[in-house]
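Report on the following structure.
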Amino acid sequence: MPRPFPLRRPPAAALAGALLALAVPLLAGPAQPAAAATQSANLLLNGNAETSQCSPGGWEETTVPGWQITSGDPVINCYGVPTGAATSTPGSPTKGTAYFQGGSRGSSEMTQTVDLSSAATAIDAGTAHSTLSGWLGGVGASTDATTVTLTYRDANGNPLGTSAIGPVTAADRGNTTEFLQRASTTGVPAGTRSAVATVDFGLTGSANSSALADDLSLTLDTPVTVPTLAVPPSTVPGFDHVFVVMMENNNFSRGSNTVDGGAGVIGNAAAPYLNNTLVPMGSLLTNYHAGTHNSDPNYEQIAFGNSYGRSLETGNANCITDPACTATNNGLGDNLDAAGKSWKQYTQSQTSNCQTTGSGEYGPDDVPFYYAAKMKNDNAYCQAHWQPLPQLLGTDLQSTATTPAFVWADADSCYDMEDCGVGAGDTWLSQTLPTLFASPAWTQQRSLLLLTFDEDGDAAPGGFGPGQTNQVMTLAIGSQGSVKPGYLDANRYDHYSTARTIEGALGLTATMTNNDKWATPYNEVFTHGPAPTNDFGLTDAPYAGPLDQGATSTATVTTTAATGTPEPVTLTAGGLPAGVTASFNPPVVTAGGTATMTLRATAGATTGEAVITVTGTAPSAVHSVPYTLAVNPAGSGGSLVSGGVYEIVQGTRAMDDPGSSTSTGTQLIAWTLHGGSNQRWTLTQNTDGSFQLRNQVSGLCADDSGGSPDAGSPIIQWTCTGNANQHWSVLPSGGSYALVNGRSALAITASAASDGATLSQQPNTGGALQTWSFTKVG
């Protein structure tokens with residue numbers, strides 16, 4: 001129980017004096033007495049967390065106006081959330097309704113840059129002093145704590161010194177939930193022209209950081225221009241139509257979530273259409289994060305600018321047909337209606353208009369707008385705005401007049417990559433989107449496609465805590481040259497950014513909540529003018545691959561002459577892990593030519609997965625594509641030779657075609673290594689970086705039971721087809737490798753450490769029965 005307020009709070013004057021006496025300057029100059037600081041207004045924008053849509057639940061992201069999120073997901077919570085501070089929690093006497101908390105993605109950080117150049121004369125004369133202050137705290141006995149650091153920088157951005165406040169420890173708080181004020185007054189170093197405030201929220205083991213902050217302030221004792229908080233500008237151009245497709249429950253890439261082991265979609269062998277066709281067509285957002293778990297609140301963040309405190313942890317995340325879960329603010333549909341814009345949502349496997357009951361793989365929450373009150377209360381309105389997907393593909397897309405201005409079109413729970421895997425979803429995209437791309441709305445008007453995922457996870461909802469980044473793939477593709485093709489945008493975005501982008505694209509002036517109002521739209525992906533007269537396309541094959549320390553690997557980079565006169569294209573690679581270099585032969589090609597990219601890793605190269613950027617630069621255009629690189633320990637077999645013959649070994653046993661069977665459907669086993677041809681496999685690399693495994697005796701390929709997505713399905717040999725269920729990614733696992741299927745994203749697993757142990761596919765946990773090494777024998 002919190003201690004009575006009088007025992008923790010001295011009179012205001014005594015408190016102010018004590019705080020200034022305890023101020024600790026760090027590298028920035030001598031501490032100053034209180035009399036030296038007749039302070040300016042607060043130079044930190046939204047230091048009190050009140051310009052926001054605060055979270056009432058504590059487990060979902062919010063927009064954080066004025067601040068840049070640089071790691072994790074610091075959030076703005078409402079006082080009273082179950083995970084943090086109550087309205088009665090001791091703290092700032094000027095506190096409002098909201099405060100900052102560390103969030104549910106591990107330790108987190110946010111920054112803000114303050115322009116101090118208007119005070120240059122006093123700063124350079126040595127007479128300017130800054131006071132950094134704030135109310136910092138934590139929850140109960142949690143050791144999570146907040147630290148605020150101010151870094152002074154010169155005109156070139158070079159650091160000149162720092163000051164800091166915090167942390168407030170659990171002992172400082174008496175193991176109660178409480179905010180305590182901390183302040184530091186220091187001299188501003190000569191030459192300072194800006195200062196960067198960095199707020200670090202620590203996390204020491206739980207899933208949700210208990211580090212708290214409120215009423216953060218930076219002031220100077222000399223005249224200085226005080227900044228004004230402004231809504232992030234939108235330069236999103238106008239479109240006739242916007243299409244949203246939301247897939248489900250997959251990581252951005254294998255390395256984006258370090259906990260669940262999911263293969264992700266970027267670089268995944270099971271998604272050739274997405275990686276080879278769609279990504280080069282548009283702009284890939286490489287730092288996009290979903291809002292929470294489970295699914296529905298993420299849909300609501302786009303459709304309503306709000307997730308209403310709902311999440312996996314609150315127990316009411318997916319409640320679309322419950323009247324108690326009806327949206328309490330106008331949503332995107334309401335604002336489209338008010339602007340006179342047509343809109344519809346469509347779902348695969350839906351059998352009737354406004355179908356509110358699930359059936360098979362269809363669920364009423366595969367699209368979000370039934371959360372709106374008007375959809376629930378007006379059946380005719382619902383019938384007109386919620387229809388089966390064939391209505392879009394077979395009828396509405398046939399003319400520009402019948403194509404709604406806004407379309408939300410989704411697969412069912414099988415083909416959205418949730419229940420049936422990445423491969424099934426990739427197939428659905430390849431069969432569905434060409435109809436859109438051939439429609440009059442696409443070929444004759446300006447249309448925008450936003451392809452995203454609700455949340456990360458390994459074909460299931462992701463979790464909370466360190467390593468659970470909730471980073472998902474999002475791709476923008478535009479008709480009429482409106483979106484940059486082959487472009488990688490590294491700015492941080494989220495579902496509220498998508499809402500803001502839709503609003504800008506369709507000319508909506510009304511926003512839904514402060515979340516979408518203050519979100520940053522995808523400004524950078526749009527061309528804002530005619531396409532280049534001379535343009536080219538860029539692809540890489542494979543688009544993913546392993547590389548051992550001390551070894552090399554190669555990929556082919558292909559350019560195509562798209563329009564105009566072919567120009568010289570200079571090839572480069574960025575985002576390489578430490579110890580890895582890239583070279584191209586030739587380094588410059590004429591559009592339409594190809595080059596070999598060679599990746600070299602030193603013996604000490606940093607291991608792990610990285611999504612690197614391959615860029616082609618011509619006089620008239622620049623395009624990029626991702627390459628997913630897995631750097632593995634030396635000698636692990638990651639630099640496998642396509643066409644080479646290998647024994648695939650686990651301890652003293654090898655992957656074996658039992659009895660040298662030549663029958664399709666034979667389940668593979670593990671057997672003591674004996675050097676026979678039935679234990680030898682020809683590895684052929686696929687264009688996505690994965691490998692086909694062909695047995696030397698049977699001539700058949702290792703197969704995940706015809707494409708089964710289910711854990712426990714046997715690994716068999718079957719006629720080689722080249723399909724994703726015969727693609728095996730070689731992934732580092734405890735010094736050896738896991739063999740992960742391109743269709744199911746499950747790993748080849750022996751049933752026991754004994755002769756005759758059968759092989760099946762199971763979730764990749766890194767266990768000893770899932771790790772293999774490769775010995776080249778031919």
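List of remarks:
- A Förster radius of 45 Å, combined with the Cβ-Cβ distance separating Gln391 from Ala207, puts the computed FRET efficiency at roughly 0.60.
- The stretch between Gln667 and Ala324, if pulled fully straight at 0.36 nm per residue, gains 118.3 nm over its current Cα-Cα span.
- Only Cα pairs under 8 Å and 6+ residues apart enter the sum, and on that basis the relative contact order of the chain stands at 11 percent.
- Note on Ala41 and Asp755: the extension gain reaches 249.5 nm, defined as 0.36 nm multiplied by sequence separation minus the Cα-Cα distance.
- The charge dipole of the chain, taken about its Cα centre with unit charges on the Cβ atoms of Lys, Arg (+1), Asp and Glu (-1) only, comes to about 1260 debye.
- Compactness of region 90-196, expressed as Rg and Dmax over alpha-carbon positions, Å: 16.1, 47
- Summing Cβ point charges (Lys, Arg +1; Asp, Glu -1) relative to the Cα centre of region 502-611 gives a dipole of roughly 160 debye.
- Only lysines eight or more places from Lys341 in sequence, or on another chain, were considered; those with a Cα closer than 28 Å are Lys374, Lys376, Lys484, Lys517.
- Here's the picture: charge each Lys and Arg Cβ at +1 and each Asp and Glu Cβ at -1 in region 241-525, and of Ala339, Thr452, Gln391 the one pushed furthest to the positive end of that dipole is Ala339.
- Evaluating 6.51 cos²θ - 1.76 cosθ + 1.60 at θ = phi - 60° for every residue in region 314-321, the Karplus couplings come out as 8, x, 9, 5, 10, 9, 5, 8 Hz, glycine and proline recorded as x.
- Quotient of C-alpha Rg and 2.2 N^0.38 Å, computed over the chain: 1.03
- Debye log10 I(q)/I(0) at q = 0.13, 0.15 Å⁻¹ for region 535-632, Cα point scatterers: -0.42, -0.54
- Annotation: Cα Rg of region 241-525 relative to the compact-globule expectation 2.2 N^0.38 Å equals 0.91.
- Each of Gln68, Phe100, Gly140 was placed along the dipole of region 62-155 (beta-carbon charges, centred on the mean Cα), and the one lying farthest toward the positive end is Gly140.
- Once backbone amide H atoms are built at 1.01 Å from N, Val81 has no partners under 5 Å, excluding neighbours fewer than 5 places away on the same chain.
- If the chain linking Ala190 and Arg600 were pulled fully straight, counting 0.36 nm for each residue of separation and taking away their Cα-Cα distance, it would gain 143.1 nm.
- Calculated mean residue ellipticity at 222 nm for the chain: -3000 deg cm²/dmol, from DSSP H runs with n ≥ 4 weighted as -39500 (n - 2.57), summed, divided by the residue count and rounded to 500.
FYI, it's all coordinate maths here, none of it is from the lab. Only a predicted model underlies this, so the values are computations on that prediction, with no experimental measurement involved. All Cβ positions, even for glycine, are placed from backbone atoms using ideal geometry, and neighbour counts span all protein chains on display.
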